[in-house]
Amino acid sequence: MFLGHEERDAAQLLSDALARDGIAIHLDTQTTRVRVEGRDKVAELVNDAGTQTVTVDQILVGVGTAPNVQGLGLDAAGVVYDEAQGIRVDDCLRTSNPRVFAAGDVCGGNKFPHAESAAGRIVVANALFLGRQRLSAEAIPWCTFTDPEIAHVGLYVNEARQKHIPVKTFTILMHEVDRAIADGEDDGFVKVHVREGTGKILGGTVVASHAGDLINEISLAMSAGLDLQALARVNQPYPTQSQAIRMAAGTYAASRRASFGAWMKKKWLSWTAGPQSMGAEGELASRWPRKSSPAS
């Protein structure tokens with residue numbers, strides 16, 4: 001699966017963009033052999049459709065990383081670890097030895113420099129200053145630096161549903177954003193997920209040429225505990241691509257006003273109608289008492 005950890009529409013949009021650029025993506029495919037023919041490299045690929053060869057200029061291999069847990073004396077310290085996943089830590093980054101904390105690539109998880117920086121800050125606070133900071137409380141974004149970029153922070157919709165959190169999503173397409181149109185960068189969207197019935201931001205996904213920059217506003221709001229309506233009140237210079245986030249927040253604010261208006265209308269009708277009867281034309285009978293005629 002292409003970018004299996006991302007939302008399907010985000011991955012599909014990037015896949016289509018790469019295809020337009022002449023980049024072929026081979027899914028569920030294994031490379032069985034590589035050989036050199038003159039200045040070219042030839043790779044033999046095998047999948048369910050059979051065997052094919054691809055001729056390229058260069059071959060780049062992403063092999064990933066493995067935690068370096070050798071020579072640290074972890075067994076002697078009573079620290080539980082796994083050679084593939086690294087040292088096991090809890091949400092406060094404490095190891096199985098309560099006096100030992102760990103952070104960084106040695107713990108596995110998200111291997112982003114900014115995530116490791118946040119983890120290092122938490123370790124110092126918890127180990128030296130008796131803090132109780134939790135890594136899960138951090139709004140840690142990440143970005144796939146393609147064209148367009150894909151950036152995300154917080155929960156995905158499926159993760160929220162797995163935790164039985166009701167979620168509502170507000171989406172703005174980049175071709176609705178004036179600056180994106182002017183820049184010729186109108187492929188993509190901004191999605192902000194909130195807890196249904198509230199403005200609490202659960203997460204967000206941005207697919208855009210500058211998604212890595214745009215996601216920062218959502219990350220800041222989550223870190224500061226701001227709801228989505230607060231972003232609707234932010235003044236931004238026009239035109240900028242960050243208007244997409246304000247537009248998503250504005251859509252949320254409009255939905256709140258519509259919900260409140262519908263609630264007020266329902267309450268008003270209930271108050272004015274009381275125990276009501278409906279006429280043939282659907283008119284509400286008034287609850288106001290009729291004035292009695294003066295006695296003759």
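The values are calculated or read from the model by the stated rules, or taken from the named source; none is laboratory data. Because the structure is a prediction, the values reported are computed rather than measured. Neighbour counts run over all protein chains shown; Cβ positions are idealised from the backbone, glycine included.
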Expected output for the range 106-119 (first residue within 13 Å of P67 (Cβ to Cβ), partner acidic (D, E), Cβ below 6 Å, 6+ apart or cross-chain) is K111/D105
Filtering the range 89-105 for residues that are in contact (Cβ under 8 Å) with a residue 12 or more places away in the chain and in a loop (DSSP other than H, G, I, E, B) leaves a count of 11
If you go through A119, A115, A102, the only one that is within 23 Å of R132 (Cβ to Cβ) and touching a Ser or Thr at 6+ places or on another chain (Cβ under 8 Å) is A102
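Select from the range 3-20 the residues that are surrounded by 10 or more Cβ atoms within 10 Å (Cβ to Cβ), charged (D, E, K, R) and out of contact with any helix residue (DSSP H, G or I) (no Cβ under 9 Å at 6 or more places or on another chain) and list them in ascending order. Quick ask: steps written out before the conclusion?
Going residue by residue through the range 3-20, those that are surrounded by 10 or more Cβ atoms within 10 Å (Cβ to Cβ) are 3, 5-19.
If we keep only those that are charged (D, E, K, R) too, we end up with 6-9, 16.
Once the filter is applied, which keeps residues that are surrounded by 10 or more Cβ atoms within 10 Å (Cβ to Cβ), charged (D, E, K, R) and out of contact with any helix residue (DSSP H, G or I) (no Cβ under 9 Å at 6 or more places or on another chain), the range 3-20 yields R8, D9, D16.
Table: residues versus (1) of a type in the set (S, T, Y); (2) out of contact with any Asp or Glu (no Cβ under 9 Å at 6 or more places or on another chain); (3) at pLDDT below 95; (4) exposed (fewer than 12 other Cβ atoms within 10 Å of the Cβ).
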{"site": "G22", "(1), (2), (3), (4)": "no, yes, yes, yes"}
{"site": "G38", "(1), (2), (3), (4)": "no, yes, yes, yes"}
{"site": "G50", "(1), (2), (3), (4)": "no, yes, yes, yes"}
{"site": "T53", "(1), (2), (3), (4)": "yes, no, yes, yes"}
{"site": "L60", "(1), (2), (3), (4)": "no, yes, yes, yes"}
{"site": "L72", "(1), (2), (3), (4)": "no, yes, yes, no"}
R33 vs (1) in contact with a strand residue (DSSP E or B) (Cβ under 6 Å, 6 or more places away or on another chain); (2) in a loop (DSSP other than H, G, I, E, B): all pass except (2)
Given (1) touching a strand residue (DSSP E or B) at 6+ places or on another chain (Cβ under 9 Å); (2) in contact (Cβ under 8 Å) with a residue 40 or more places away in the chain; (3) part of a loop (DSSP other than H, G, I, E, B), A66 misses just (2)
Taking the range 148-174 and the residues there that are surrounded by 12 or more Cβ atoms within 10 Å (Cβ to Cβ) and among the charged types (D, E, K, R), the one that is farthest from G104 (Cα to Cα) would be K168
